[in-house]
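Below you will find the structure I want to go over with you.
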Amino acid sequence: MVSTVGSLEEPKTETSCSKPLGIQFLQYKKNSKISYRFYQAIVIVVTFFAYACYHATRKTTSIVKTALDPSTPELSSGLGSRLFLLARKPFFRSSENGVSSSVQETGWDPFNGSDGTSLLGEIDLAFLSVYALGMFFSGHLGDRIDLRIFLTLGMLGTGILSLLFGFGFWLDIHSFYYFLIIQLFAGLFQSTGWPSVVAVVGNWFGKKKRGLIMGIWNAHTSVGNISGSLIASALLKYGWGWSFIAPGLLMCFAGLVVFLLLPVSPETVGAYEDDEDDLEPNKVTAEGVEEPLLVSSTVAVKEKAVGFMDAWKIPGVAPYALCLFFSKLVAYTFLYWLPFYISRTEIEGQYLSDETAGNLSTMFDVGGVIGGILAGHISDRLNARAITAASFTYCAIPALYFYLSYGHISLYMNVALMFITGMFVNGPYALITTAVSTDLGTHSSLNGNSRALATVTAIIDGTGSIGAALGPLLTGYISARSWSCVFTMLMVAALVAGLLLTRLVLAEVAEKIRVSRSQMFNASSRSPVTILV
């Protein structure tokens with residue numbers, strides 16, 4: 001194997017990760033040293049593409065719902081049906097209220113019956129519940145096996161399940177349990193994605209500029225949502241099955257790309273860099289003694305994966321996980337309900353069509369991209385993750401209030417306030433799920449052990465995913481009274497999210513004060529010497 005550090009022999013370390021076939025071919029074909037920066041570029045592009053595909057396949061179901069259940073159902077007798085139909089009831093109003101409804105003549109049994117909407121709701125709830133639960137187990141497994149293989153299996157499984165759901169259209173399948181079981185397994189396979197991609201990116205990027213890099217990289221979520229919506233909507237007219245087939249095939253292709261090209265860590269490809277001391281995970285040995293990066297070594301270093309409960313004990317994991325619970329509650333409420341809210345809200349005395357409302361709602365995602373980048377950049381400049389996350393969370397409270405109170409004045413006002421709201425809502429959400437999770441997964445208390453990234457990421461995002469499932473459900477109940485109550489709930493959730501970071505914010509402020517005083521003391525102690533000279 002060709003080392004990237006000249007003629008020095010590559011350090012021999014034990015690892016469960018293998019070199020990707022595409023990287024092997026590239027090194028053999030070129031017979032040259034591939035720079036560390038080039039490897040980083042491969043990691044960013046491949047993981048971005050991979051997780052965008054995860055979200056593209058996840059978004060398809062919400063687009064196809066109108067084709068599966070085109071009619072307005074009545075309340076059915078089942079408990080689950082009553083709960084979910086109660087959530088949907090406020091959004092189906094007669095044209096006398098100014099809301100036009102484009103109801104198709106056909107649907108898909110069993111979703112076009114009187115309880116069709118409740119059945120679709122049960123599928124969504126099953127997916128989100130298994131996804132949140134599976135996140136914890138996926139992170140635990142991800143730190144113990146080859147992340148490249150683990151991510152590839154998760155992506156292929158997700159793609160195949162999307163294909164199976166779409167095949168129900170041509171195979172004329174009308175069994176509710178067929179679609180329910182597919183979504184249950186889809187939630188399980190989807191849970192492999194986030195812990196894996198964050199762990200891989202964390203292995204390649206040190207803390208320097210990590211917030212900015214991951215803030216930009218986190219745009220894959222919005223890119224996946226938007227592309228998934230566009231693909232599914234464009235193919236829906238040819239039959240709803242195609243809306244699942246295309247993202248499924250794309251997901252399988254992305255899985256193969258991951259298998260062939262994704263280098264999990266620098267050790268797997270023999271890449272080491274000496275200009276940034278925090279880029280090399282194995283710089284600290286098992287005995288806690290630092291070693292030069294470019295020194296040849298024959299000592300095998302075997303890291304033990306961190307246990308689930310031990311990961312919870314890492315300082316900062318619990319408060320950030322609970323903060324993300326409430327942050328995701330707000331973010332996913334907008335994800336699932338914003339198009340409906342826009343189409344059922346009078347703007348400049350008129351109601352927008354469902355299609356226009358759906359397209360308009362993407363401005364929330366655009367704002368989220370900007371918010372994620374800003375939060376990452378600011379946290380890097382200040383070296384204060386908690387202060388940045390809490391500040392964005394507190395700013396989301398007035399943003400939510402202004403969007404509710406003034407979004408109806410004009411279309412431009414609605415777009416502007418929606419953009420600002422998305423920026424402050426998704427900013428801390430993006431920061432916590434990326435840079436913060438990676439920071440905690442490489443915390444100093446781990447003594448250099450790099451095999452905690454996936455577990456920590458899974459704990460934080462898994463806890464947040466529970467809030468993601470709870471927010472839309474609560475919105476259904478509360479919106480039956482008024483949307484003002486819904487926004488009040490979201491503002492309270494944002495406030496609690498910020499308060500949960502109070503202890504960490506105070507610790508960062510105290511550290512800033514200590515450093516500032518230390519610098520002032522050092523400057524004053526040097527000044528007499530300067531005068532004498």
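The values are calculated or read from the model by the stated rules, or taken from the named source; none is laboratory data. On a predicted model such as this, the values are computed, not experimentally measured, just so you know. Because the Cβ atoms are built from the backbone with ideal geometry, glycine has one as well, and the counts that use them run over all protein chains shown. For the accessible areas, the whole protein counts, side chains as well, though only heavy atoms, and no ligand, DNA or RNA atoms are used. Shrake-Rupley method; radii C 1.70, N 1.55, O 1.52, S 1.80 Å.
For A234, all conditions in the list (1) more than 19 Å from A199 (Cβ to Cβ); (2) in contact (Cβ under 8 Å) with a residue 12 or more places away in the chain; (3) small (G, A, S) hold save one; what is the number of the exception?
It fails just one condition, (2).
Each row is one residue, and each column tells you yes or no for (1) outside the structural domain of Y39 (by the TED database); (2) within 25 Å of G270 (Cβ to Cβ); (3) touching a residue at least 60 places away in the same chain (Cβ under 8 Å); (4) surrounded by 21 or more Cβ atoms within 10 Å (Cβ to Cβ).
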{"site": "G142", "(1), (2), (3), (4)": "no, yes, yes, yes"}
{"site": "R148", "(1), (2), (3), (4)": "no, yes, yes, yes"}
{"site": "G157", "(1), (2), (3), (4)": "no, no, no, no"}
{"site": "I160", "(1), (2), (3), (4)": "no, no, yes, no"}
{"site": "L163", "(1), (2), (3), (4)": "no, no, yes, no"}
{"site": "D172", "(1), (2), (3), (4)": "no, no, no, no"}
{"site": "V198", "(1), (2), (3), (4)": "no, yes, yes, yes"}
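When the residues of the range 475-494 are narrowed to those that are in contact with a Phe, Trp or Tyr (Cβ under 8 Å, 6 or more places away or on another chain) and of a type in the set (F, W, Y), which ends up most open to solvent (accessible area, probe 1.4 Å)?
Ranking the candidates gives W483 first.
Being under 29 Å from G241 (Cα atoms), open to solvent by 20 Å² or more (accessible area, probe 1.4 Å) and assigned to a helix (DSSP H, G or I) is the requirement here; does L184 meet it? Full working, then the answer.
Details: under 29 Å from G241 (Cα atoms): yes; open to solvent by 20 Å² or more (accessible area, probe 1.4 Å): yes; assigned to a helix (DSSP H, G or I): yes.
Yes: the conditions hold for L184.
Sticking with this structure for a sec: Could you tell me which residue of the range 312-359 is most open to solvent (accessible area, probe 1.4 Å), considering only residues that are assigned to a helix (DSSP H, G or I), over 21 Å from T475 (Cα atoms) and hydroxyl-bearing (S, T, Y)? Before the answer, list the steps.
Step one: of the range 312-359, the residues assigned to a helix (DSSP H, G or I) are 312, 317-343, 354-359.
Filter again for over 21 Å from T475 (Cα atoms), leaving 312, 317-321, 355-356, 359.
Now restrict to residues that are hydroxyl-bearing (S, T, Y): 320, 356.
Working: Y320: 16, T356: 67 Å².
Per the criteria, the residue is T356.
Just the residues that are of a type in the set (S, T, N, Q) and either over 30 Å from I23 (Cα atoms) or at pLDDT 90 or above (or both), please, taken from the range 130-188. Write out each step before concluding.
Looking only at the range 130-188, we keep the residues that are of a type in the set (S, T, N, Q), and these are 138, 152, 158, 162, 175, 183.
Across the range 130-188, the qualifying residues are T152, T158, S162, S175, Q183.
Between a residue in the range 122-139 that is among the aliphatic types (A, V, I, L, M) and any residue that is outside any helix (DSSP H, G or I), which pairs come within a Cβ distance under 7 Å, given they are 6 or more apart or on different chains?
What qualifies is M135/S191.
If you scan the range 369-386, which residues turn out to be of a type outside the set (K, R), in a helix (DSSP H, G or I) and open to solvent by 10 Å² or more (accessible area, probe 1.4 Å)? Outline the logic, then answer.
So the first thing to find is which residues in the range 369-386 are of a type outside the set (K, R), and the list is 369-380, 382-384, 386.
Subsequent filtering for residues that are in a helix (DSSP H, G or I) retains 369-380, 382, 386.
Within the range 369-386, V369, I370, I373, L374, H377, I378, D380, L382 meet the criteria.
Every residue, every condition in (1) more than 15 Å from the chain's Cα centre (by Cα); (2) under 13 Å from Y320 (Cβ atoms); (3) at pLDDT below 85; (4) not assigned by the TED database to the domain that holds Y351, yes or no:
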| residue | (1), (2), (3), (4) |
| --- | --- |
| I409 | yes, no, no, no |
| Y412 | yes, no, no, no |
| A416 | yes, no, no, no |
| G422 | no, no, no, no |
| N426 | no, no, no, no |
| I432 | no, yes, yes, no |
| V436 | no, yes, yes, no |
| L440 | yes, yes, yes, no |
| G448 | yes, no, yes, no |
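Identify the residue in the range 357-396 that is among the β-branched types (V, I, T) and within 16 Å of the chain's Cα centre (by Cα) and, among all such residues, is farthest from V330 (Cα to Cα).
Pass one, the range 357-396, residues among the β-branched types (V, I, T): 362, 366, 369-370, 373, 378, 387-388, 393.
Among the residues that remain, those that are also within 16 Å of the chain's Cα centre (by Cα) are: 366, 369-370, 373.
Values: V366: 16, V369: 16, I370: 17, I373: 19 Å.
Step by step, filter the range 357-396, then rank; the result is I373.
Here is a follow-up. Somewhere in the range 496-505, is a residue free of Cβ contacts under 8 Å to residues at least 40 places away in the same chain and surrounded by fewer than 23 Cβ atoms within 10 Å (Cβ to Cβ)? First the steps, then the outcome.
The initial filter retains those residues of the range 496-505 that are free of Cβ contacts under 8 Å to residues at least 40 places away in the same chain, namely 499.
Filter once more, so that each one left must be surrounded by fewer than 23 Cβ atoms within 10 Å (Cβ to Cβ): 499.
Yes, the range 496-505 contains a residue that is free of Cβ contacts under 8 Å to residues at least 40 places away in the same chain and surrounded by fewer than 23 Cβ atoms within 10 Å (Cβ to Cβ).
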